1. Of the residues in the range 231-257, how many are under 30 Å from Leu46 (Cβ atoms) and free of Cβ contacts under 8 Å to residues at least 12 places away in the same chain?
2. Got a sec? Which of Asp51, Asp47, Asp30, Asp8 is modelled with pLDDT of 95 or more, surrounded by 15 or more Cβ atoms within 10 Å (Cβ to Cβ) and charged (D, E, K, R)?
3. Hey, among Leu79, Leu93, which residue is assigned by TED's automatic domain parsing to the domain that holds Gly25, buried (at least 21 other Cβ atoms within 10 Å of the Cβ) and more than 17 Å from the chain's Cα centre (by Cα)?
4. Does Ser119 fit the bill of being touching a residue at least 12 places away in the same chain (Cβ under 8 Å), in contact with a Lys or Arg (Cβ under 7 Å, 6 or more places away or on another chain) and either part of a strand (DSSP E or B) or farther than 19 Å from Gly55 by Cβ (or both)?
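The values are calculated or read from the model by the stated rules, or taken from the named source; none is laboratory data. From a predicted model like this one, the values you see are computed outputs, not experimental measurements. Here the Cβ positions follow ideal geometry from the backbone for every residue, glycine too, while neighbour counts run over all protein chains shown.
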Amino acid sequence: MSELACLDGAIAPAEETLVPVTDPGLLRGDGAFEVVRVYDGAPLLLDEHLDRMEGSAANLRLEGPFHRERYEAEIAELLEARGGRSFDGCVRLLLTRGGRRVLITEQLPSQPEVARLASVTYAPTRVLDGVKSLSYAANMLCSRIAHERGSDEALLVTPHGRVLEAPTSSFFWVDGDGTLCTPPLDDHVLASITRAHLLTLLDVEERSVALDDLKATAREAFLASTTREVQPVGAIDDFELPAAPGAVTRAAGEAFAGRRRELLA
């Protein structure tokens, strides 16, 4: 079945759904978005995604109210039209500066079981801290640079060598003494919803780390996001992780899967 979109309440095939070229969401990437994982027609952690999207819209000073109840109703209608319980994938939510409310069903992106990362220099735009905006060109370029280097994804690293995250996921590693770590939000990484749940499920230390130190001490690592959940990392540049997946990574995946089953029950 073809993917569907909903534009301001009107459902149609995604490829036939059009936004005017004058919308600043298209012209300038001015808007907010979320991607919600859908299991058997049920959106996972929808309230948390809508909370973050509402915050992004407020921080971007998007005009007009955030119509949360419309998103909730339209998501339900769109997923039912897409096949209800037979649909497993994602739904993408957008709100543009032009005031257009867009929802799109999508298939899960293809991901390797174990990811190889290439470090790419990146400087966070601090004014966008806490915002999931449509201005994602820098993130996408970092992924393309990593692909050009023969890796699956980028690991964003500041010009001073501090490890941040991947373009669309959080980064976790296990250090030499077995401690599970992730960069703190103060390092200007996205407040990932999956990351937040893992912090409640596992014993995690929020800690900054330099790339050289990471390569010298890390035993294992993984990426975490809505679409990946927990994805083991096998290598960072020319550094091969000793275990991929390691015991901590497997435990993290099992813990999040348990939380998912609990929430969808």
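1. 2
2. After applying the criteria, what remains is Asp30.
3. Only one candidate qualifies: Leu79.
4. Numbers: touching a residue at least 12 places away in the same chain (Cβ under 8 Å): yes; in contact with a Lys or Arg (Cβ under 7 Å, 6 or more places away or on another chain): no; either part of a strand (DSSP E or B) or farther than 19 Å from Gly55 by Cβ (or both): yes.
No, not satisfied.
Conditions tested, residue by residue: (1) within 21 Å of the chain's Cα centre (by Cα); (2) within 28 Å of Leu128 (Cβ to Cβ); (3) surrounded by fewer than 19 Cβ atoms within 10 Å (Cβ to Cβ); (4) outside the structural domain of His160 (by TED's automatic domain parsing).
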residue: Pro184; (1), (2), (3), (4): yes, yes, yes, no
residue: Thr194; (1), (2), (3), (4): yes, yes, no, no
residue: Leu198; (1), (2), (3), (4): yes, yes, no, no
residue: Ala210; (1), (2), (3), (4): no, yes, yes, no
residue: Leu214; (1), (2), (3), (4): no, yes, no, no
residue: Ala221; (1), (2), (3), (4): yes, yes, no, no
residue: Asp238; (1), (2), (3), (4): no, no, yes, no
residue: Thr249; (1), (2), (3), (4): yes, no, no, no
